[in-house]
Amino acid sequence: ALRKVAHVQTRGQREQQPGPWVHALLVSSKAKIMLLSRCARPMALAARGVAYGGGVATRSTALARTGLAQRGAVARRRFASETKKEATEAAPKAAEAAPPKEAPKGWWSSAEFWGGLGALAGWGMTGAAIYDAQFSSPETISMKMTPVMIIYSSLFARWAFVVKPQNLLLAACHASNVVAQLNQMRRAVEYKQSQGKGDEVSALAMNAGIGGAALAGMVVAGPTLQSALVAAELGPVSAFAGAAAGPFTVHFWAPMSKWLISGASMLELDRPVEKISLAQYTALTATGLFFSRYALLVTPVNYMLCSVNVALFSSSAWHLGRKVKADFIDSK
């Protein structure tokens, strides 16, 4: 009866307790004392955390857990040490591999700064066309310069939209200038017709039609012709045809249209000063100055745009100087 006990599992430890039937069997005091003596020891051991009959297993488990904890702590310390060592060794290599930090750009190297000035100068050109439409006689409108300005602003509106960094202020400026120059062209045509110079207007319209048809044909056939030239592997010719600012892109034709402005300005170096628009040539001179620098800061870099703006600045400054001299210096 004393050997029969109930086993109870509590918190991973086995604990032995005598069943209630033992008290019914043990009627003598001697039996009760023996029972109490047998139960006292497992109760004391249970109080210390070691269960009677399973003490070896419990103690072994505790020791194993302690060993695992110690080994885990050692592994964690070793892992942290190795990680720190690897990070220390990798830091110089990462610093060498990382791209160098770009120094903050000053105004001289800022495409946004020069592009903004160019756009403001362009708005001055648009404003000049609007001003001339309100206050200047139509006889001062150049029939050579105005059509060129229309083509020029159309191409540059597109160029300003696709260039990097994008210049939306410049694109809006040239889109507005197209409208303003078309209005100036209308005034000039009406004036010529009123003066009995219809033949001159007809010749101009024919030339404009031929030029427009040629331009449309080039735009349609451009991609096919470019692919053929690049595939032909003709050395510099193929390289130029496939270039980012090559002849099949707006990065090429926008500066070319500006060459037309410079050329028209140079062909009229002896133009009477009374037919020179002060506002227009002031804007053209500023545009040539600002874009000479801006062309070297955009992506792709546009050397043709730089050269044409140098020429534009020179010719426009010549006309502007003549106008200022005649109106403000000689008049005194």
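The values are calculated or read from the model by the stated rules, or taken from the named source; none is laboratory data. Predicted, not measured: the structure shown is a model, and the values here were computed from it. Every residue, glycine as well, gets a Cβ built from its backbone with ideal geometry; the counts of neighbours run over all protein chains shown. These area figures cover heavy atoms from the full protein model, side chains too; ligands, DNA and RNA do not enter into them. Shrake-Rupley method; radii C 1.70, N 1.55, O 1.52, S 1.80 Å.
Filter segment 148-163 down to the residues that are under 18 Å from GLN280 (Cβ atoms) and open to solvent by less than 50 Å² (accessible area, probe 1.4 Å), then identify the one that is nearest to the chain's Cα centre (by Cα). The extreme case among them is PHE156. Looking across segment 230-244 at every residue that is closer than 17 Å to PRO300 by Cβ and not in a helix (DSSP H, G or I), the one that is most open to solvent (accessible area, probe 1.4 Å) is identified as ALA244. Just for segment 119-147: of the residues that are part of a loop (DSSP other than H, G, I, E, B) and surrounded by fewer than 21 Cβ atoms within 10 Å (Cβ to Cβ), which one is modelled with the lowest pLDDT? For segment 119-147, the residue satisfying everything is LYS144. For segment 175-199, a tally of residues being not polar (S, T, N, Q) and not in a helix (DSSP H, G or I) returns 2. Could you tell me whether MET206 is loosely packed, with under 13 Cβ neighbours inside 10 Å and either modelled with pLDDT of 85 or more or under 29 Å from the mean Cα position of the chain (by Cα) (or both)? Judged against the criteria, MET206 is a match.
Could you tell me whether ALA208 is assigned to a helix (DSSP H, G or I), within 20 Å of THR126 (Cβ to Cβ) and either in contact (Cβ under 8 Å) with a residue 24 or more places away in the chain or of a type in the set (Ser, Thr, Tyr) (or both)? The answer is no for ALA208. Looking only at segment 299-322, filter to residues that are over 20 Å from MET143 (Cα atoms) and crowded, with 22+ Cβ neighbours inside 10 Å; which one of those is nearest to the chain's Cα centre (by Cα)? Per the criteria, the residue is ASN302.
GLN166 falls short on exactly one of the conditions (1) over 32 Å from the mean Cα position of the chain (by Cα); (2) not in a helix (DSSP H, G or I), and that condition is (1).
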